[in-house]
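The values are calculated or read from the model by the stated rules, or taken from the named source; none is laboratory data. These figures come from a predicted structure and were not determined experimentally. Because the Cβ atoms are built from the backbone with ideal geometry, glycine has one as well, and the counts that use them run over all protein chains shown. To get the accessible areas, we keep the full protein, side chains included, count just its heavy atoms, and leave off ligands, DNA and RNA. Shrake-Rupley method; radii C 1.70, N 1.55, O 1.52, S 1.80 Å.
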Amino acid sequence: MKTTKIVNNINDLPSPSFVCEEKLLEQNLKLLKKIQDDADVNILLALKGFALHSTFDLCRKYLKGCCASGLHEAILAKQMFQKEVHTYSPAFKEEEFDEIVDISNHVVFNSFSQLERLQHKAIGKTSIGLRVNPEYSSVDVDLYNPCGTYSRLGITSKNFKEEKLENVDGLHFHALCEQNVDALEGALKNFEDKFGKYLSNMKWVNFGGGHHITRKDYDVQGLINLLKDFKSRYPHLEVYLEPGEAVGWQTGYLVATVLDIVDNEMKIAILDTSAEAHMPDTLAMPYRPDIRNSAIANEKKFTYRLGGNTCLAGDIIGDYSFDEPLEIGNKIILEDMIHYTMVKTTTFNGIKLPSIVIKKDNNCYQIVKNFGYNNYKERLS
Ligand SMILES: Cc1ncc(COP(=O)(O)O)c(C=O)c1O
């Protein structure tokens, strides 16, 4: 791992910085491993949600491998995780597919058209699967609902072609987002009702991601029971789950600094970070991130709107109150900013990307990556 620098005090970190706490990450990994062991299933890390490869030496101890969304994630999985690689894409590009096959233990096609065009490159080299759509729509936000109306993700039972399964070893579905076992139960019931008849000839099934396993109220034993029950009905099948968010869930934060305070009828603190560029899900979902030692507006004595340092009018993190007035130079800690943040950041406005820091078990902070002007320039030409 490339180490830039080690510091002992959070105030000495570059600002902004994503800080992942190794101890919290390991707690999540241990819980996932317990499910693997108790229910005899395989859990893969979904790189789309968590690709902090400086931590892969740790993740590798607990998880079976990675699921990748295409060539680049597959290469990262192969190079940095060095265990199983399972690759699914809404549509593979023909010119990338040979390399994906070389790297991947499983490839999952999103349609019969892709299967028919590309399977000849994969037969005998890797295990072939199909993504199906169980049409179980339980995610409220359309942006994150894989089973919404006219979804392009997965084959519906109406479009399923039983006669084309000769080279297919497995079925994959992904229907959830930040959900508990009851949602998996519903999706699984639809999956079995619609596709159960094909499972006798399969070798594996993949229940996708969206399982919020490491959230405090998640029914872990319920999941283990559900998986065991499924396995008792289909003992010949290997079962895979591929959570991303649950791996990085509440394992760290984003530390930023107050750069200025303006008073336009309301006090607004401008930070050296950005909702748009560094925390895009806060605007897309949208949601209001928790900030350490703060409350909702007007609950504590001093209320501020926190804004990002880009020109976008809507680059607003939210309204928060604090016990003490904010001052220029104060640190702000935005909680739970490890999953789906680093993988989605942009350099919009040329804003500097947050440094990446691992808080080690011995409480020191290892700065594993700093970014600068070149990272902005290199993305453009
Ligand atoms: C196919 C697939 N697998 C796994 C995941 C990971 O989901 P999550 O990070 O919500 O667990 C996703 C997320 O979009 C996905 O599309």
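At a glance:
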quantity: K331 being in contact with a Cys (Cβ under 9 Å, 6 or more places away or on another chain), at negative phi and charged (D, E, K, R); calculated: no
quantity: Selected residue (criterion: surrounded by the most Cβ atoms within 10 Å (Cβ to Cβ)) from residues of region 118-136 that are away from the ligand (no atom under 14 Å from the Cβ) and assigned to a loop (DSSP other than H, G, I, E, B); calculated: Y136
quantity: Out of L32, L76, L52, L47, sole residue that is open to solvent by 30 Å² or more (accessible area, probe 1.4 Å) and under 23 Å from G252 (Cα atoms); calculated: L76
quantity: Flag if G196 is open to solvent by 10 Å² or more (accessible area, probe 1.4 Å), over 30 Å from D12 (Cα atoms) and more than 15 Å from the ligand (Cβ to nearest atom); calculated: yes
quantity: Enumeration of residues in region 250-285 that are at pLDDT 95 or above, within 26 Å of E178 (Cα to Cα) and in a loop (DSSP other than H, G, I, E, B); calculated: Q250, T251, T273, S274, M279
quantity: Count of residues meeting criterion [out of contact with any Lys or Arg (no Cβ under 8 Å at 6 or more places or on another chain) and open to solvent by 30 Å² or more (accessible area, probe 1.4 Å)] in region 137-155; calculated: 11
quantity: In region 205-233, the residues that are open to solvent by less than 10 Å² (accessible area, probe 1.4 Å) and away from the ligand (no atom under 11 Å from the Cβ); calculated: V205, L223, I224, L227, F230
quantity: Odd one out for E327 among (1) under 26 Å from the mean Cα position of the chain (by Cα); (2) within 16 Å of V262 (Cα to Cα); (3) open to solvent by 30 Å² or more (accessible area, probe 1.4 Å); calculated: (1)
quantity: Unique residue being closer than 30 Å to N309 by Cα, in a helix (DSSP H, G or I) and open to solvent by less than 70 Å² (accessible area, probe 1.4 Å) when the list is L24, L115, L58; calculated: L24
quantity: Residue within region 157-175 that is within 16 Å of the ligand (Cβ to nearest atom), modelled with pLDDT of 95 or more, open to solvent by 20 Å² or more (accessible area, probe 1.4 Å) and touching a strand residue (DSSP E or B) at 6+ places or on another chain (Cβ under 8 Å) present; calculated: yes
quantity: Residue pairs meeting the criteria (Cβ under 6 Å; at least 6 apart or on separate chains; first within 20 Å of H211 (Cβ to Cβ) and touching a residue at least 40 places away in the same chain (Cβ under 8 Å), in region 46-74; second within 14 Å of the ligand (Cβ to nearest atom) and part of a helix (DSSP H, G or I)); calculated: L47/E73; G49/E245; F50/V247; F50/G248; A51/V343
quantity: Selection from region 65-99 of residues that are away from the ligand (no atom under 14 Å from the Cβ) and closer than 22 Å to M202 by Cα; calculated: E84
quantity: Among the candidates V139, V205, residue that is part of a strand (DSSP E or B) and among the aliphatic types (A, V, I, L, M); calculated: V205
quantity: For L312: the one exception among (1) at pLDDT below 95; (2) in contact with an Asp or Glu (Cβ under 6 Å, 6 or more places away or on another chain); calculated: (1)
quantity: Hey, V107 hydrophobic (A, V, I, L, M, F, W, C), modelled with pLDDT under 95 and either outside any helix (DSSP H, G or I) or surrounded by fewer than 21 Cβ atoms within 10 Å (Cβ to Cβ) (or both) or not; calculated: no
quantity: Output for region 243-254, where each listed residue is of a type in the set (A, V, I, L, M, F, W, C) and either within 16 Å of D319 (Cα to Cα) or open to solvent by less than 10 Å² (accessible area, probe 1.4 Å) (or both); calculated: A246, V247, L254
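Residues checked against (1) closer than 15 Å to F18 by Cβ; (2) polar (S, T, N, Q); (3) surrounded by 16 or more Cβ atoms within 10 Å (Cβ to Cβ); (4) away from the ligand (no atom under 16 Å from the Cβ):
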{"site": "A256", "(1), (2), (3), (4)": "yes, no, yes, yes"}
{"site": "I270", "(1), (2), (3), (4)": "no, no, yes, yes"}
{"site": "T282", "(1), (2), (3), (4)": "yes, yes, yes, yes"}
{"site": "A295", "(1), (2), (3), (4)": "no, no, no, yes"}
{"site": "R305", "(1), (2), (3), (4)": "no, no, yes, yes"}
